[in-house]
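Scroll down for the structure; my scribbles are underneath it.
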């Protein structure tokens, strides 16, 4: 808990989305008095009942704990932030229709901070932003108040499904223009995590955040490119990845799979935009994003050809999409940037008369229905009578039921397509008239009973 002598104990967090709410609750749990500002009325209504508006392990319990002790309050305006000496901006930075990052929400939140800023306050930007946003967008709005303030950029780096754990474990990057400001911000985050890393400029910290996610995007893109080659050569991409790195420390090829979510589908574009303004073309970054974004089209094309080649595949098939959240491990209900959406769009084009179902172990039925899918109560119901079942994420529930049992519930002919290689395609023994095909081993379809 905070010592009584610590002056920056009152914090205002602007934006109670995934980043803001987990941080606010973690800080309140550490002893800070936190007031959250959120413009969405439905989010505030849920919080008023002690319920977060998204799934995150341990968050509900901690939220209710800090609310009961009066350490976390929230409202739709910044009126509750008058006592704060620290303001943390965590609002979203989506891409606009032109593909460029939007800063309007950051500007609006900064103006709210400006309305209640006092001399000597610290403002921390935590949203993922284009290089120079802290200096060129946030700081000028604050300077217009005539107040003296400190400013820092301290990026969020947590993994959904592990946010509360990682907030207390991961090193926190601190970007500031002076050692004094960096030290002040480091002291605040030092109550959450044992390690803070001070860097020399605001832009350095901004770039570290973009590099973190873009590195993963490019790495996954290479794996997906290898999967394309394996599809064509009748080689198993999973075998290549697993056997190649076994006992060999210089290769760590991840398994292929859909690459989406609120960060990986967006941050490379932000990096490309920022680099282009500096006169640099990020060719590898752009190529990696193209590979990952083209995957839904390529898989849908394959499934369309496969269905056309199968005798008895109905003109009005039942198709079940399973695992709609953008990832399955750690589990989340986050549908932002999920690759299930473009896969669904592509399948609709190739199977326009299909009956479409949806299943997810965490996502609520009403959110599944908003996709235009008929929600299934469980995995067994999702595949029952289906001609095509598509596994879109790697939630453990998909390996909990034996694959032959899943296939046995399907109509004939029936195909299970697995983006995440939850099963070994060469070892499965399925009922006559059914097949299992995984990303990176499309050649297996030619040997399937239904092909």
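Data for the structure
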item: Residue-span extension gain [residue 381 to residue 309] - 0.36 nm each, minus C-alpha spacing; result: 23.3 nm
item: Helix axis angle, 104-115 relative to the chain longest principal axis, alpha carbon, degrees; result: 20
item: Förster radius 35 Å - calculated FRET efficiency between residue 234 and residue 405, Cβ distance, rounded to 0.05; result: 0.80
item: Calculated FRET efficiency for the pair residue 432/residue 76, C-beta based, R₀ 56 Å, to 0.05; result: 0.40
item: Inter-label distance, nm, simple model (7 Å from Cα along the C-beta direction), residue 281/residue 136; result: 2.1
item: Cβ-derived FRET efficiency at R0 45 Å, residue 98 paired with residue 2, nearest 0.05; result: 0.50
item: Relative contact order [Cα under 8 Å, 6+ residues apart], the chain, whole percent; result: 11
item: Antiparallel bridges, percent of DSSP beta bridges restricted to the chain (to nearest 5); result: 5
item: The stretch 243-305 pair-distance distribution - Cα-Cα, 10 Å bins, rounded %; result: 17, 34, 32, 16, 1
item: Semi-axis lengths (Å, descending) of the ellipsoid that matches the C-alpha gyration tensor of the chain; result: 45, 24, 19
item: Residue order, fewest to most beta carbons within 10 Å, for 401, 27, 67; result: 401, 67, 27
item: Per-selection metrics, the stretch 293-447 (Cα): Rg and Dmax in Å; result: 14.0, 39
item: Sorted largest first, extent of the stretch 41-179 alpha carbons per principal axis (Å); result: 40, 35, 35
item: Tail beyond 12 Å, pair distance distribution of the stretch 364-412 (Cα, percent); result: 67
item: Centre separation in Å (Cα based) which lies between the stretch 80-99 and the stretch 147-178; result: 14
item: Principal-axis tilt of helix 59-68 within the chain, Cα atoms, nearest 10 degrees; result: 30
item: Theoretical ellipticity at 222 nm over the chain - DSSP helices of four or more residues, -39500 (n - 2.57) apiece, nearest 500; result: -12000 deg cm²/dmol
item: Amide N of the stretch 216-231 lying under 17 Å from the label point, which is placed 7 angstrom from the Cα of residue 301 along Cα→Cβ; result: 224-231
item: Ascending count of other beta-carbon atoms within 10 Å, so fewest first, for 327, 198; result: 198, 327
item: Antiparallel %, DSSP beta bridges [both residues in the stretch 10-200], to 5; result: 5
item: Fully extended contour minus Cα-Cα distance, from residue 316 to residue 273, at 0.36 nm per residue; result: 11.1 nm
item: Stretchable slack from residue 69 to residue 353, in nm (0.36 nm times residue separation minus alpha-carbon distance); result: 96.8 nm
item: Cα centroid separation, the stretch 394-414 to the stretch 223-248 (Å); result: 24
item: Packing-based exposure ordering (other Cβ within 10 Å, fewest first) of 201, 195, 434; result: 195, 201, 434
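FYI, it's all coordinate maths here, none of it is from the lab. These numbers were taken from a predicted model, which means no experiment stands behind them. Virtual Cβ from ideal backbone geometry, glycine too; neighbours counted across all protein chains shown.
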